[in-house]
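Written below as structure tokens is the structure these notes are about.
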Amino acid sequence: MDLPDRDSTRTVPTARSLPAQAPDGVPGTGPGSQAPRDRFDRPLHDLRISVTDRCNFRCVYCMPKEIFGKDFAFLPKELVLTFEEISRLATIFVGLGVEKLRITGGEPLVRRDLPQLIEMLADLRRPDGTPVDLTLTTNGAALRALAGPLRDAGLQRVTVSLDSLDEATFQSMNGVDFPVSRVLDGIAAARDAGLAPIKVNTVVKRGLNEGSVLPLARWARNEGLILRFIEYMDVGHSNGWRLDDVIPAAEIVSLIDAEIALAELPPNYAGEVASRWRYRDGSGEVGVITSVTSPFCGACSRARLSADGNLYTCLFAVKGHDLKSLIRGGANDEALEQAIRAVWSVRTDRYSELRSAATTDLPKVEMFAMGG
Ligand code: SAM
């Protein structure tokens, strides 16, 4: 194996890291400047749009069922952005330099009439006239019914979350005894509909599904799917996260490499979140997302728009910026653009680089509420 220059226990990042202090001044916000840059000179390239805070799964690492039971108060409909509001904001974000839109949640496929929104977003063009990269992250439960309509509406590709191929393990992780066969069928439906490439996300939590790593790697390689293992993160504060529960990405890579030889690949583009590895026999690739052991804040160009219209500039943010009130208060597009520009220009987030015992207890927003 070509081992990366990475130490699985290191939390101080190198190549993709930031200076300890934000430089003075606000780069990229002078008159005539089109694309805003934050205090660390990071551009705004990706927008994750949460279309609902609701989910039909209760994954142990995200929405544990003991906390998010039947009585949990999700957002009432009137507080959730309409498709017109989402599309209007997305248009402004694209004008500011966003190249990629990812629809998420909660579980995005539980939002009624989602293909209508996809149709609106698929029409968006970047300032140079090219289409935006439009994708969606789902647990796959409703893909059999929706893959075709989503593809017809203009969705290009899809990422499906799947934590195990083993029925008992998968059901204990999704919290609602959802059968793995239905997710696999959803993936087949996505393929039949022509969504490509199909990526699969697997969160690995110690004691739960490390035994699923190799079976998933073998399966995805066989099926021609792009698999990404994600280190279990301290998002929100309901999952009882402990560092000991994190399986470092380097351990995952070693495990796979011991059976199927791997070689590291260069990033596809600056700011790519996954570290990618190819199978040396040419049969595909696998990736790891090292948010905990080797954070990548230095290249983070991602903003999040929550279902209730808050703009977040970090997955670990404590507070959002309320765009819904601006829209519903009658702000015109220029005012909305200025508001987004103002938020991004002063951004200094780099939570994962600063992660410590102290930060873990901060009152962070839950991932399903912000948009995962
Ligand atoms: N419901 C959709 C899904 O299952 O993909 C979209 C939302 S979900 C919050 C987005 C992704 O975040 C999923 O791949 C999920 O596994 C991942 N995720 C949630 N909680 C996580 C955690 N504590 N650590 C790492 N990844 C997590």
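The values are calculated or read from the model by the stated rules, or taken from the named source; none is laboratory data. These numbers were taken from a predicted model, which means no experiment stands behind them. Glycine gets a Cβ as well: all are built from the backbone with ideal geometry, and neighbour counts include every protein chain shown. Just the protein is used for accessible areas: all its heavy atoms, side chains included, with ligands, DNA and RNA removed. Shrake-Rupley method; radii C 1.70, N 1.55, O 1.52, S 1.80 Å.
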message = Every cysteine in the chain with no other Cys Cβ under 4.7 Å from its Cβ, please list them in numeric order.
response = 55, 297, 300, 314
query = Expressed in whole Å with the largest first, what are the equivalent ellipsoid semi-axes of the range 54-161 derived from the C-alpha gyration tensor as the square root of 5 times each eigenvalue?
reply = 27, 16, 13
ask   = What base-10 log of the normalised intensity I(q)/I(0) is obtained for the range 266-372 from the Debye formula, alpha carbons as equal point scatterers, at q = 0.11 Å⁻¹?
value = -0.47
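What FRET efficiency comes out for residue 184 versus residue 74 if R0 is 22 angstrom and r is the Cβ-Cβ distance? Round to the nearest 0.05.
Details: r = 28 Å, r/R0 = 1.28.
After rounding to 0.05, the efficiency reads 0.20.
For each pair in 199/319; 65/364; 77/205; 70/364; 77/199, compute the distance between the two Cα atoms and list the pairs where it is over 27 Å. Can you show the working numbers first?
Values: 199/319 30 Å; 65/364 19 Å; 77/205 34 Å; 70/364 23 Å; 77/199 31 Å.
The answer is 199/319; 77/205; 77/199.
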ask   = Taking the range 97-138 as the region of interest, what is the percent of Cα-Cα pairs per 10 angstrom bin, listed from the shortest bin to the one with the maximum distance?
value = 28, 51, 20, 2
inquiry  = With both bridge residues required to lie in the chain, what share of the DSSP beta bridges run antiparallel, to the nearest 5%?
reply    = 35 percent
query = For the chain, modelled as a GNM with alpha-carbon contacts under 10 angstrom, which of 70, 100, 199 fluctuates the most?
reply = 70
inquiry  = Can you bin every Cα-Cα distance in the range 218-328 into 10 Å intervals starting at zero and give me the percent of pairs per bin, rounded to whole numbers?
reply    = 12, 34, 30, 17, 6, 1
query = When every alpha-carbon pair in the range 188-239 is counted, what percent end up more than 14 Å apart?
reply = 60 percent
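Counting only protein heavy atoms, what percent of the accessible surface of the range 105-177 is carbon or sulfur at a 1.4 Å probe? All intermediate terms of the calculation are to be shown ahead of the outcome.
Details: 1330 of 2930 Å².
Roughly 46 percent, rounded to a whole number.
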task = Enter the accessible area of residue 264 (Å², nearest 10), with the probe set to 1.4 Å and all protein chains included.
result = 70 Å²
inquiry  = As a test question: what accessible area, to the nearest 10 Å², does residue 360 have when a 1.4 Å probe is rolled over all protein chains in place?
reply    = 30 Å²
request  = Pairs of Cα atoms under 8 Å, at least six residues apart: use those to get the relative contact order of the chain, whole percent.
outcome  = 24 percent
note = GNM of the chain, Cα pairs under 10 angstrom: of 245, 349, 71, the biggest fluctuation goes to 71
ask   = Can you give the accessible area of residue 223 in Å² (nearest 10), computed on protein heavy atoms with a 1.4 Å probe?
value = 80 Å²
ask   = Of 225, 216, 75, which is the most mobile in a GNM of the chain whose springs link Cα atoms less than 10 angstrom apart?
value = 75
Shape category assigned to the range 122-184 from the gyration tensor of Cα positions, a/c cut at 1.5 = prolate
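How large is the convex hull of the Cα atoms of the chain per residue, expressed in Å³ as a whole number? Please report the intermediate quantities before stating the final value.
Details: hull volume 50.8 nm³, N = 372.
Residue-normalised Cα hull volume stands at 137 Å³.
Quantify how much of the Cα-Cα distance distribution of the range 157-256 extends past 15 Å, in percent. List each step's numbers first, then the result.
Details: 3121 of 4950 pairs.
Counting pairs separated by more than 15 Å, the tail of P(r) holds 63 percent.
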task = Could you work out the equivalent-ellipsoid semi-axes for the range 232-295, taking the square root of 5 times each eigenvalue of the Cα gyration tensor, largest first, in whole Å?
result = 25, 15, 8
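Under unit Cβ charges (Lys, Arg +1; Asp, Glu -1), what dipole magnitude, rounded to 20 debye, does the range 205-352 have relative to its Cα centre?
Its charge dipole is roughly 220 debye.
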